[in-house]
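What follows is one structure encoded as structure tokens, with my remarks underneath.
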Amino acid sequence: MKHLLSYILITLLTVAANAGTISVNSQQDFDALSGKIVDAIKQGEKDIIVNIHAKELTFADKQVSLKSIKQPEVSIAIHGNGVRIVSKGRMVKELKDPSLMYLKDGGYYNPWTPFRQLDDTISVTDLTSHQCRIKTSSRNKKDAHPQHQYINYTCWYTSRISPVTRVGRNWIEFDGGDWAVPQKGHFYNVNMDYSYAKRYPRYRLFGTERLAEEVYQCEASTLLNLSYCDLRSFSIDGINVTGSSCNGPLIMVDLCKAHSILITNSTFRCIGGSILTDRKSTNVSFTHNRVDTFMGYGVQSEAGSTGARVTNNTFTNCTLGMEIGFAIQMRSDGFLVSQNTITDFCFGAIGAGIWGGTTTDSKCRGVISDNEIYLSATYLSDLMQHTLMDSGAIYTWTRCDGVTISNNYIHDISGIRDNRGIFCDDGTRNVTVTGNRIERIHNSYDIDLRWCDTYKEKVPDHNTGNTVKDNNTTGRVRFETKRP
């Protein structure tokens, strides 16, 4: 009897010691992970450790979803141990949707043709149905109604993807939406490139023929959804994620509170949407990660969040979707963006601030320091495929309540037109630009803090409180203050 009681006691202690530890050895375990974490919390566990031992897993949308867990004493740590996690999807021989990510041999498969520059402006053929036409060469001998065909055309500082509606022998028609207006007297129009820089618009076409071989079509977007939670801490480390669609962020932290929410020591490749979106949450950190090839934003901290940290990461091949995207974008309070290396980006590398036309009481304050930002020689040699106009490697907007940009090294930036080193736009206020080293900005200002009264009614103190000092620049600097 004595030995039996001892055995029972030892067994109970062993179970208690391991109750907070969850092992993931298979896809079945991974699919059940959210439920296991919730069960452990219900059992009163305060320190929950997830160890992933599987070598490769796939994720569906919101694969790990934790919602409304109000347990400020609970800590959750997920250790990936180098696991490779791939978006769920399927092999296809026909491309149907440009919002999806396509992989070939585990790497990015580009479904778009190279950019072509028109030798004329885009014609608006029907204002009512928004039809636009470009002249091009085609193998079609008669009019055709295409399926699963899209056109991507650049418009100054952004671009648009529109469905192709008809294809003729030497023309393509597409739906230009609200941009399908005559150029004169309309700011937003399909000929914005020509309006701004007197360069004829560029376009590329989404893969219009069956593929010679199959590619993998990613169909899941969000690996982790953490929402409405109050925890002591939450962390993920040691995962290697490949592939996601652009229908949502890969990691979503929404209205969460914690002393620390940490994503670290992981790699992210071929991501269709953003890597991490932090919305009205506290103390979210993205550190010591490597990101390679993504279509949307990288890491973004939205207005209403506090204490975001993006440090010691490497970002390569950023925002390839030809949109106003950044590897890092901060709209929050008390942020730190430091010691990151960012190379090869479409519009900008780091963005900070809130648009002046936005109605918000949120603060946008923080530090952008000690980052290296540049375009590689390979990227520079093929600018037509990548860059948009009127951007900055570091870009700030009107509503800043104290942003310091210091000790960054920005070099070898160029593009179609006006690709600045540091660009403080739309009446930026309360920004200090100091101690930065900027070299070889080929087509614009090293530092450009320009006067702008676009949002003067909502931000009456625009273009005030700014400082530009002690920077090491080799090109032009413009510093405009508020005008009488």
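The values are calculated or read from the model by the stated rules, or taken from the named source; none is laboratory data. Everything numeric in this text was worked out from a predicted model, so none of it was measured. As a convention, Cβ positions derive from the backbone with ideal geometry for all residues, glycine included, and neighbour counts pool all protein chains shown. Just the protein is used for accessible areas: all its heavy atoms, side chains included, with ligands, DNA and RNA removed. Shrake-Rupley method; radii C 1.70, N 1.55, O 1.52, S 1.80 Å.
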Item to check | Per residue, in Å², the accessible surface of the chain once ligands and nucleic acids are set aside, probe 1.4 Å | outcome: 43 Å²
Checklist entry - Between the helical axis of 33-42 and the dominant principal axis of the chain, each derived from Cα atoms, what acute angle in degrees is found, rounded to the nearest 10? => result 50 degrees
Checklist outcome for this item: Note to self: C-alpha centroids of the stretch 293-307 and the stretch 165-244 sit apart, in Å, by 18 Å
Checklist outcome for this item: Gyration tensor (Cα only) of the stretch 348-417 to equivalent ellipsoid, semi-axes in Å sorted down, yields 27, 16, 7
Checklist entry - How big is the accessible area of LYS135 in square angstrom, nearest 10, if you roll a 1.4 angstrom probe over the protein chains? => result 150 Å²
Checklist entry - How far apart, in nm, are two points set 7 Å out from the Cα along the Cα-to-Cβ line at ASP39 and at THR359? => result 4.8 nm
Next on the checklist: Can you return the lysines within cross-link range of LYS36? Criterion is Cα-Cα under 19 Å, with same-chain partners fewer than 8 residues away left out.
Outcome noted: LYS46, LYS62, LYS67, LYS70
Next on the checklist: Based on alpha-carbon centroids, what's the gap between the stretch 434-450 and the stretch 414-429 in Å, whole number please?
Outcome noted: 9 Å
Checklist outcome for this item: On the formula 1/(1 + (r/R0)^6), with r taken between the Cβ atoms of THR464 and THR113 and R0 of 51 Å, the FRET efficiency rounded to 0.05 is 0.60
Next on the checklist: How many angstrom lie between the Cα centre of the stretch 376-406 and the Cα centre of the stretch 311-329?
Outcome noted: 10 Å
Checklist entry - Which whole-number percent is the relative contact order of the chain (Cα, under 8 Å, 6+ apart)? => result 10 percent
Checklist entry - Using only Cα atoms, what is the ratio of the radius of gyration of the stretch 281-349 to 2.2 N^0.38 Å? => result 1.04
Checklist entry - So what's Rg/Rh here for the stretch 248-369, counting alpha carbon atoms and using the Kirkwood radius for Rh? => result 0.93
Next on the checklist: Please give me the summed charge of the neighbours of SER281: other residues whose Cβ is under 14 Å from its Cβ, Lys and Arg +1, Asp and Glu -1.
Outcome noted: +1
Next on the checklist: Given Cβ point charges of +1 (Lys, Arg) and -1 (Asp, Glu) and nothing else, what value in debye, to the nearest 20, does the dipole of the stretch 320-387 about its Cα centre take?
Outcome noted: 240 debye
Next on the checklist: List the pairs from LYS184/LYS280; LYS135/LYS184; LYS104/LYS135; LYS42/LYS257; LYS280/LYS456 whose alpha-carbon separation is above 30 Å, in the order I gave them.
Outcome noted: LYS184/LYS280; LYS104/LYS135
Checklist entry - How long is the gain from SER414 to THR128 if the chain were fully straight, where each residue apart is worth 0.36 nm and the alpha carbon distance is subtracted? => result 99.1 nm
Checklist entry - With +1 on each Lys and Arg Cβ and -1 on each Asp and Glu Cβ, how big is the dipole of the stretch 148-266 about its Cα centre, in debye rounded to the nearest 20? => result 600 debye
Checklist entry - What are the residues whose amide H is under 5 Å from the amide H of ALA352, where those residues sit 5 or more places off or on another chain and H is modelled from the backbone? => result MET330, TYR395, THR396, TRP397
Checklist entry - Based on the alpha-carbon gyration tensor of the chain, what equivalent-ellipsoid semi-axes (square roots of 5 times the eigenvalues) come out, in whole Å, largest first? => result 43, 31, 19
Checklist entry - What's the FRET efficiency of THR21 with ALA60 using the Cβ-Cβ distance as r and R₀ = 35 Å, to the nearest 0.05? => result 0.90
Checklist outcome for this item: The percentage of the accessible area of the chain (probe 1.4 Å, all protein chains present) made up of carbon and sulfur atoms, to the nearest whole number, is 48 percent
